[in-house]
Amino acid sequence: MRTLVIADVHGNLPALEAVLATPEAQSCQRIISLGDQVNFGPQPREVMLRLQSLGTIMLRGNHEDRLLRVNVPEYAGYNWALQRWTASQLEGIRLDHPLDLREGRKWFTHGTPGDPFHLIQADEVPAQLDALPDGVTHLFSGHNHKPWLVEHQGKVACNPGSLGMLEDNTGGYAPFLLMDEDGDHITLTRCGVYYDTTALARAYITTGCAVSAPEMTRVVLHTIVTGEYQGTLKLVKYVASLGDLGDEEAWRRADSLWPWREPLSTADYWKKLEEELL
C-alpha cells in the first residue's frame, strides 16, 4: 500500500492542489495529514473540505488545538486576529482530531507524541526515537517546517516538511512524503512540487484574510514566497521587543521599523498587490 503523508498545509490551497495533482500523489491509496491543516493561509475551509473529500486521516496540530479554544481571553489580543478570522471560516468543520495515530510499528503525530506544541530540531530526534513505545520503529511528525529523515539505532523519524509553509529557503515549493509498505518492509520517498504563489497572494486579498491581520499575513506570505526559516516568528519576536503582542499599536510601530523586502508600509503593500493581481 502507498500512503501520501503530508504536514502543515496551513490553509494553503494552491500548494495542496499542486501536490494532489502529481502522479506520485495520485498513485496513493490513502492520505495522512500530520496536523496544522489550517491557519496562516487564506483558504482554511477549502483546504479542510478538500481533505475531507479524499477521506484524509487528519491529526490535530497546535493550530487546530488553539482554534478549539479560540474564544478564551488568552486569544483576544491583536496578535491572534488571524486565528480568529480562521475560526470564522471553519463553522461546522471538525477540528478535534486525535493527537496521535499508531499503526503497528508506525507512530504519527504533529510535534512529539502527545504534544502538538513541542517544536524539536533534527538533532533532537534521536532522543525522541529512544523514547518511543516498544515495537515502534517509525516516527512521522511535522510542526517544524523544515523536513528531515533521521535514522537512529534501527529506527527512523521523518518530517515531510510543511506542505503549505516550507521554511528551508526554497520558496513556492510544497514537500510531501510517499510511504510504501510491502509486508513488514517500509520504504519512504521524499517528494515535492513547485506551485504558483501568485494564486495564494490573490486569495489573501479576495477572501478578506489580509484585512483581518495585515502585518501577520504579510510576513506569512513573505515566509512562503522566500522559504525563510522562522521568518514569521522573527517578526513576532520583534513586535514583542517593542511592546505587548496583543496591542495593535506595537504591530503598527514594528511595521514602520521592520526591514521589509519591499520598502512599503503594510497598508501600501496590500494595496499595491491588489492593483497588480485583481
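The values are calculated or read from the model by the stated rules, or taken from the named source; none is laboratory data. Just so it is clear, the structure is predicted and the values come from calculations on it, not from any experiment. Here the Cβ positions follow ideal geometry from the backbone for every residue, glycine too, while neighbour counts run over all protein chains shown.
Per-structure values
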quantity: Residues (farther than 22 Å from Thr226 by Cα and surrounded by fewer than 18 Cβ atoms within 10 Å (Cβ to Cβ)) located in region 171-197; calculated: Asp180, Glu181, Asp182, Gly183, Asp184, His185, Ile186, Thr187, Leu188, Thr189
quantity: Some residue of region 151-168 being farther than 21 Å from Pro23 by Cα, hydrophobic (A, V, I, L, M, F, W, C) and surrounded by fewer than 19 Cβ atoms within 10 Å (Cβ to Cβ); calculated: yes
quantity: Residue match in region 78-88 (condition: part of a loop (DSSP other than H, G, I, E, B) and either touching a residue at least 40 places away in the same chain (Cβ under 8 Å) or hydroxyl-bearing (Ser, Thr, Tyr) (or both)); calculated: no
quantity: Given (1) closer than 16 Å to Ala81 by Cβ; (2) touching a residue at least 12 places away in the same chain (Cβ under 8 Å), number of the condition Glu249 does not satisfy; calculated: (2)
quantity: Cβ pairs under 7 Å, 6+ apart, first in region 255-278 and within 16 Å of Val236 (Cβ to Cβ), second loosely packed, with under 11 Cβ neighbours inside 10 Å and at pLDDT 95 or above; calculated: none
quantity: Meets criteria (under 23 Å from the mean Cα position of the chain (by Cα), surrounded by 15 or more Cβ atoms within 10 Å (Cβ to Cβ) and part of a loop (DSSP other than H, G, I, E, B)) for Trp260; calculated: yes
quantity: Which listed residue is at pLDDT 95 or above, touching a Gly at 6+ places or on another chain (Cβ under 7 Å), at positive phi and not polar (S, T, N, Q), from Gly161, Gly142, Gly227; calculated: Gly227
quantity: Selection from region 89-105 of residues that are outside any loop (DSSP other than H, G, I, E, B) and either outside the structural domain of Gln37 (by TED's automatic domain parsing) or in contact (Cβ under 8 Å) with a residue 24 or more places away in the chain (or both); calculated: Gln89, Asp100, Leu101, Arg102
quantity: Meets criteria (in contact with a Phe, Trp or Tyr (Cβ under 9 Å, 6 or more places away or on another chain), within 25 Å of Gly171 (Cβ to Cβ) and not hydroxyl-bearing (Ser, Thr, Tyr)) for Leu4; calculated: yes
quantity: Search result, residues across region 153-172 that are under 19 Å from Gly104 (Cβ atoms), assigned to a strand (DSSP E or B) and not β-branched (Val, Ile, Thr); calculated: Lys155, Ala157, Cys158
quantity: Qualifying positions in region 239-252 - touching a helix residue (DSSP H, G or I) at 6+ places or on another chain (Cβ under 7 Å) and either small (Gly, Ala, Ser) or surrounded by 15 or more Cβ atoms within 10 Å (Cβ to Cβ) (or both); calculated: Val239, Leu242, Gly243, Leu245, Gly246, Asp247, Ala250, Trp251
quantity: Any hit, region 117-140, residues being surrounded by 23 or more Cβ atoms within 10 Å (Cβ to Cβ), out of contact with any Pro (no Cβ under 6 Å at 6 or more places or on another chain) and small (Gly, Ala, Ser); calculated: no
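Okay, residues lined up against (1) crowded, with 21+ Cβ neighbours inside 10 Å; (2) more than 20 Å from Thr232 (Cα to Cα):
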{"site": "Val47", "(1), (2)": "yes, yes"}
{"site": "Leu67", "(1), (2)": "yes, no"}
{"site": "Trp85", "(1), (2)": "yes, no"}
{"site": "Arg102", "(1), (2)": "no, yes"}
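To keep it simple, each residue is scored yes or no on (1) closer than 17 Å to Leu188 by Cβ; (2) in a loop (DSSP other than H, G, I, E, B); (3) assigned by TED's automatic domain parsing to the domain that holds Asp180; (4) touching a residue at least 60 places away in the same chain (Cβ under 8 Å).
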| residue | (1), (2), (3), (4) |
| --- | --- |
| Trp107 | yes, no, yes, no |
| His118 | no, yes, yes, no |
| Ala127 | no, no, yes, no |
| Asp134 | no, yes, yes, no |
| Leu139 | yes, no, yes, no |
| Glu151 | yes, no, yes, no |
